[in-house]
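Undergrad: Got a structure for you, written out below as structure tokens; questions coming shortly.
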Amino acid sequence: MLSMVICVIIYSFRIKMRIRVIYYTLQAITNTMKKIEAIIKPHKLEDVREALNEAGVSGLTVTEVKGYGRQKGHSETYRGAEYKIDFLPKVKIEIAVTADQVDRCIEIILATAKTGKIGDGKIFVTNLENAVRIRTGENDAEAL
Ligand SMILES: Nc1ncnc2c1ncn2[C@@H]1O[C@H](COP(=O)(O)OP(=O)(O)OP(=O)(O)O)[C@@H](O)[C@H]1O
Ligand SMILES: [Mg+2]
């Protein structure tokens, strides 16, 4: 009796594992859109925007943000003045792209936003579930 129960538990665990593998594989195949968030130095915005535009990125959102990284905002200068405060002004660029555009966009941001000094920023990439163009109701990649 006990061995039967153990067998059932092991069997159902195996099925669950298989379902999980199929689920993640399908998700990887079907997820065709990504969102790139890049936090950069404000004076680099124009170069980054221009290069992304030349690479065919159709739209982007820019927000003035404040933040800090490993140095907690210290020993970093902004327009010549040293900030003794925790938060430093940064610009956040958000771009929704198809998955095949991600590597190119990252290359462009690296090439155009890098000064080589601390505080150059970060790039975060996440899966994007859906996009909708409000005017037409188009979905997914067609809406980008
Ligand atoms: N882990 C994080 N999560 C969210 N935002 C972050 C994170 N790290 C950095 N940022 C954002 O990126 C900005 C720039 O970070 P920064 O380039 O200073 O990172 P760092 O890890 O300290 O690298 P570096 O040593 O090159 O300065 C921060 O002001 C903040 O807005
Ligand atoms: Mg830093």
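Since every read-out is calculated from the coordinates, none of them should be taken as a lab result. Because the structure is a prediction, the values reported are computed rather than measured. Cβ atoms come from the backbone with ideal geometry, glycine included; neighbour counts cover every protein chain shown.
Undergrad: Can you tell me how much longer the chain between residue 134 and residue 70 gets when fully stretched, taken as 0.36 nm per residue apart minus their C-alpha distance, in nm with one decimal? Write down the numbers at each step before the final one.
TA: Working: separation 64, 0.36 × 64 = 23.04 nm, distance 3.94 nm.
Computed gain between residue 134 and residue 70 is 19.1 nm.
Undergrad: Assuming a ≥ b ≥ c are the square roots of the Cα gyration tensor eigenvalues, decide whether region 92-144 counts as rounded (a/c under 1.5), prolate (otherwise, with a/b larger than b/c) or oblate. Write out the running numbers ahead of the final one.
TA: Details: a/c = 3.07, a/b = 2.61, b/c = 1.17.
Verdict is prolate for region 92-144.
Undergrad: Something else now. Under a GNM of the chain (C-alpha, springs under 10 Å), which listed residue has the highest mean-square fluctuation: 68, 23, 11?
TA: 11
Undergrad: When the helix-only estimate is applied to the chain (DSSP H runs of n ≥ 4, each -39,500 (n - 2.57), divided by the residue count), what is the mean residue ellipticity at 222 nm, nearest 500 deg cm²/dmol? Can you show the working numbers first?
TA: Values: 3 runs with 51 residues, N = 144.
Helices in the chain give a 222 nm mean residue ellipticity of -12000 deg cm²/dmol.
Undergrad: Can you put 8, 48, 125 in order, fewest other beta carbons within 10 Å first?
TA: Working: 8 10, 48 24, 125 17.
Fewest to most other Cβ atoms nearby, the residues stand as 8, 125, 48.
Undergrad: Here is a further query. For residue 61 and residue 35, calculate 0.36 nm times their separation in residues minus their Cα-Cα distance, and state this gained length in nm to one decimal. Could the numbers behind the result be given before it?
TA: Values: separation 26, 0.36 × 26 = 9.36 nm, distance 1.12 nm.
Value of the extension gain: 8.2 nm.
Undergrad: Same structure, new question: Of 116, 59, 73, which has the largest mean-square fluctuation in a 10 Å C-alpha GNM of the chain?
TA: 116
Undergrad: Not counting the cut sites, what is the longest span of the chain without trypsin sites (Lys or Arg not before Pro) that DSSP labels loop and that have at most 12 other Cβ atoms within 10 Å?
TA: Working: sites that count: 70, 72, 79, 84, 117, 133, 135.
That would be 1-69.
Undergrad: Need one number for the chain: average projected area of the convex hull over its C-alpha atoms, nm². Display every interim value, and only then the final one.
TA: Values: hull surface 55.2 nm².
Projected area, direction-averaged: 13.8 nm².
Undergrad: What is the angle, in °, between the Cα long axis of helix 45-54 and the longest principal axis of the Cα atoms in the chain? Nearest 10 is fine, range 0 to 90.
TA: 60 degrees
Undergrad: Would you list which lysines come within 24 Å of residue 114, measuring only between C-alpha atoms, while excluding same-chain residues fewer than 8 positions from it?
TA: 34, 35, 41, 44, 66, 72, 84, 90, 92, 122
Undergrad: Between residue 5 and residue 26, how high is the FRET efficiency from 1/(1 + (r/R0)^6) when r is the Cβ-Cβ distance and R₀ = 41 Å? Nearest 0.05. Walk me through the intermediate numbers first.
TA: Values: r = 32 Å, r/R0 = 0.78.
That gives a FRET efficiency of 0.80.
Undergrad: Taking neighbour counts of Cβ atoms within 10 Å as a proxy for exposure, in what order, fewest first, do 109, 118 appear?
TA: Values: 109 22, 118 12.
Starting with the residue having the fewest Cβ neighbours, the order is 118, 109.
Undergrad: From the phi angles alone, apply the Karplus equation (6.51, -1.76, 1.60; θ = phi - 60°) to region 104-120 and give each ³J(HN,Hα) in whole Hz, x where the residue is Gly or Pro.
TA: With the stated coefficients, region 104-120 comes to 4, 4, 4, 4, 5, 5, 4, 5, 9, 9, 7, 10, x, 9, 4, x, 5 Hz.
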